[in-house]
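Structure record follows, encoded as structure tokens.
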Amino acid sequence: MKKTIVIGSDHGGFTLKQALIKALTDWGHTVEDQGPDCTDSCDYPLFAARVVKRIKADDDALGVLICGTGQGMTMTANRLGVRAALCTNEFLARMAREHNDARILCLGERVTGQGLALAILKTFLETGFGGERHQRRIDLMDTVSE
Ligand code: RB5
């Protein structure tokens, strides 16, 4: 199914972002690039926030955030209230969608090569949420206290 994909990076994820945009476009998806538009040094929380804002506004859209490791993007997106999963293989991508209903895929350009990143992205986009017990657990994320 064709989707709207909102994508962003920092300088450390810029090259992979451009490669993923090309693949997503070739696959027929609508891509919203939230920047940056060059490899100048920049701050990943600013681009994570842009993507999160768009994902919150469109229930059907999915997001992709890329930095050097993927860690900063993951932390920022989750802190802003959107489930985001750092995935380094296809199994993690499938579980992040099926069990955790992750709405943003996070990748590390300095960690994951382009070929594997494309396979992870494809799996993330093609896997649906499992619902049922997983929905109960996701709901608990918003209500549980320590
Ligand atoms: C930038 O050097 C780097 O810290 C950033 O891309 C990311 O890895 C942070 O989590």
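Here are a few things to note about the model shown:
- Principal axis box of segment 1-76, alpha-carbon based, largest edge first, Å: 34, 25, 18
- Taking the Cα centre of the chain as origin and assigning +1 to Lys and Arg Cβ atoms and -1 to Asp and Glu Cβ atoms, the resulting dipole is close to 180 debye.
- Modelled this way, with points 7 Å down the Cα-to-C-beta line, the labels at Met75 and Phe129 are 2.7 nm from one another.
- Amide H within-cut-off set for Gly63, under 5 Å, with H built and near neighbours excluded: Val6, Ile104, Leu105
- Contact order normalised by residue count of the chain, Cα under 8 Å, 6+ apart, percent: 23
- Extension gain (nm, one decimal) between Asp59 and Gln114, 0.36 nm per residue minus Cα-Cα: 17.0 nm
- 20 °C / 1.002 mPa s Stokes-Einstein diffusion coefficient of the chain, Kirkwood radius on C-alpha pairs, µm²/s: 143
- Taking θ as phi - 60° and the Karplus parameters 6.51, -1.76 and 1.60, the scalar couplings of segment 33-40 work out to 8, 8, x, x, 10, 7, 8, 4 Hz in sequence order, x denoting glycine and proline.
- Normalised per residue, the volume of the convex hull around the Cα set of segment 33-80 (Å³): 69
- When its C-alpha radius of gyration is set against 2.2 N^0.38 Å (N residues), segment 37-116 gives a value of 1.04.
- The chain: DSSP helices with Cα axial extent of at least 15 Å and average Kyte-Doolittle hydropathy no lower than 1.0: 114-126
- Evaluated over segment 72-146, the Cα radius of gyration and Dmax, each in Å: 12.8, 40
- The modelled label-to-label distance for the pair Thr39/Met1, using points 7 Å beyond Cα in the direction of Cβ, is 3.8 nm.
- Note that segment 1-41 carries a Kirkwood radius of 10.4 Å, evaluated over its alpha carbons pair by pair.
- In summary, the lysines within cross-link reach of Lys22, defined as a Cα separation below 18 angstrom excluding same-chain residues under 8 places away, comprise Lys2, Lys3, Lys122.
- The calculated FRET efficiency for Ala23 paired with Arg136, based on their beta-carbon distance and R0 = 30 Å, is about 0.30.
Bear in mind that the values in this text are calculations on the coordinates, not laboratory data. Keep in mind it's a predicted model, so treat the numbers as computed, not measured. Every residue, glycine among them, receives a Cβ derived from its backbone with ideal geometry; neighbour counts consider all protein chains shown.
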